[in-house]
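The values are calculated or read from the model by the stated rules, or taken from the named source; none is laboratory data. Since the structure is predicted, the reported quantities are computational estimates derived from the model, not experimental observations. In this analysis, Cβ positions are derived from the backbone assuming ideal geometry, glycine residues included, and neighbour counts consider all displayed protein chains.
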Amino acid sequence: MRPAAGEAVHFSEDPTIARFDPHVAATARQPEAYVWAVDAARAPDYWFPRQCPRALAWVLPSTTDADRAWLGADRVHAIEYGWLEAMRTVRLYAYRFPAVSFRSFGEHAHAVVATVPVEPLGPPERVGDLFALHEEAGIELRVMRNLWAFVDTAAAGTLGFSGIRLGNAAPRPSELHQ
């Protein structure tokens, strides 16, 4: 489930949205109002329940042999055991938009944004089996008791890395004993 050429996509658990109006997201680090979407390369980052914490790591051309060996695959997405049932049962939908309505956001273009209201190109599409999507895309999905060791190692190395909704992750092991 990726956008076609000339499209951007937004994933949601709500299949009833007719128009997307710019807003300041609850997790925003900037005060501007946007409609958020992603391109085909970043779509797999959102093949999860919306609130699911996840750590994403992938090999870059500049990735060292040591980091490549540690990761053990070209791309890995990691979640916690507590999110397995939600991964199995979530009803996730994809809204497609014309990419021309959006511009890149961020230094590494992790998303695209619109500053005006946008309407989907058609009704939302049911995304389906999130595990199957990962498998078909060749993305290794790992399930862990706690994400933080993976997050810290992946973020400190030469891999591409993204952490999404990490505020919803289990506490760091060091925080459990305080």
### Query
Is it the case that the stretch 40-61 has a residue that's touching a His at 6+ places or on another chain (Cβ under 6 Å), buried (at least 20 other Cβ atoms within 10 Å of the Cβ), of a type in the set (G, A, S) and touching a residue at least 24 places away in the same chain (Cβ under 8 Å)?
no
### Query
For the stretch 7-39, what are the residues that are touching a residue at least 40 places away in the same chain (Cβ under 8 Å) and either on the phi > 0 side of the Ramachandran plot or of a type in the set (G, A, S) (or both)?
A8, S12, A18, A33, A37
### Message
For the stretch 23-48: of the residues being in a loop (DSSP other than H, G, I, E, B) and at pLDDT 95 or above, which is farthest from G167 (Cα to Cα)?
### Response
W47
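So that you can scan it fast, the table gives a plain yes or no per residue for (1) touching a residue at least 24 places away in the same chain (Cβ under 8 Å); (2) out of contact with any Lys or Arg (no Cβ under 8 Å at 6 or more places or on another chain); (3) surrounded by 14 or more Cβ atoms within 10 Å (Cβ to Cβ); (4) β-branched (V, I, T):
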{"residue": "F102", "(1), (2), (3), (4)": "yes, yes, yes, no"}
{"residue": "G106", "(1), (2), (3), (4)": "no, yes, no, no"}
{"residue": "H110", "(1), (2), (3), (4)": "yes, no, yes, no"}
{"residue": "V118", "(1), (2), (3), (4)": "yes, no, yes, yes"}
{"residue": "E136", "(1), (2), (3), (4)": "no, yes, no, no"}
{"residue": "M144", "(1), (2), (3), (4)": "yes, yes, yes, no"}
{"residue": "W148", "(1), (2), (3), (4)": "yes, no, yes, no"}
{"residue": "A156", "(1), (2), (3), (4)": "no, yes, no, no"}
{"residue": "P173", "(1), (2), (3), (4)": "yes, yes, no, no"}
